[in-house]
Amino acid sequence: MSRRGDPAHQSVFNAAEHLFADLGYDQTSVQLIADAAGVPVETVGEEFGGKRQLYLDVMENVRLEGEKAFAKVVENYTPDAGGIHYLVDATLDHFLRRPQDAGLWLQRRLQDAADLTEVDQRGSGPQLARVLTLTRSAFRQDLDQGLVLQDLFWSVHDFVRGGIFDDAGERMGPEDPEAVDRFRRHLHRMVSLYTGETG
């Protein structure tokens, strides 16, 4: 991302980021990116070296933004149930601000760009390891901590990208404050179960 301040560079990056989140890497063509960015198709190669490198740049940006958010969590985290409540609030707020990142992680869980394993080796793998270390003492000892965290993060990603349904079957998206409040309450109930809180 050496020319990030350049308008053509930024328009290609932004278009690719949203297309990769919505359609996935495998279903997004260079032509589609160029059309969405309003630039000639050759510009994608000139600015990024092609689709593969562009995707890696997008996912590196996701990683860096996640690192910044996690650093803020660490500053205020306490090794108890309250800390987990704080963690899920911070995670939800982060992805509400950056919904494209939630879409990109969901796409990877669906095996999108499965051959680009360096994304997980550099990003999701180390990030999960750090969260596991941070939260080790806060969850009930009879639970699989890794799967508990994946449950929580998957739920957040799914809500941010897909919303929830009300009792009449109408979709409530993450732009709806009522939906966000309802989902946040649900997350905190999950945390209470996972940490063994009573009352």
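Each reported figure results from applying straightforward, stated rules to the coordinates on display, with no laboratory input. All values derive from a computational prediction rather than experimental measurement. In this analysis, Cβ positions are derived from the backbone assuming ideal geometry, glycine residues included, and neighbour counts consider all displayed protein chains.
So the values come out like this:
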| item | result |
| --- | --- |
| Separation between Cα centres of region 122-199 and region 39-90, rounded to whole Å | 18 |
| About the Cα centre, charge dipole magnitude for region 59-195 (Lys/Arg +1, Asp/Glu -1 at Cβ), debye | 340 |
| Dipole magnitude (debye, nearest 20) for region 99-171, charges at Cβ of Lys, Arg, Asp, Glu | 320 |
| Nearest-ten-degree value, helix 51-76 long axis tilted from longest Cα axis of the chain | 30 |
| Percentage of interatomic Cα-Cα distances in region 1-91 larger than 21 Å | 42 |
| Quotient of Cα Rg and 2.2 N^0.38 Å for region 14-65, N being how many residues it contains | 1.03 |
| Rounded to 10°, Cα long-axis angle of helix 81-97 versus longest principal axis of the chain | 30 |
| Two-decimal Rg/Rh across region 59-195, once Rg and the Kirkwood Rh are taken from alpha-carbon atoms | 0.96 |
| Top positive-direction residue, dipole computed over region 59-195 with Cβ charges, set Val191, Thr135, Gly103 | Thr135 |
| Local electrostatic count at Val148 - Lys and Arg +1, Asp and Glu -1, tallied over other residues with Cβ under 13 Å | -1 |
| Positive-end residue of Val62, Gly83, Thr117, charge dipole of the chain with Cβ unit charges | Gly83 |
| Solvent-free Debye scattering, log10 I(q)/I(0), computed from the Cα coordinates of region 106-159 at q = 0.15, 0.29 Å⁻¹ | -0.50, -1.19 |
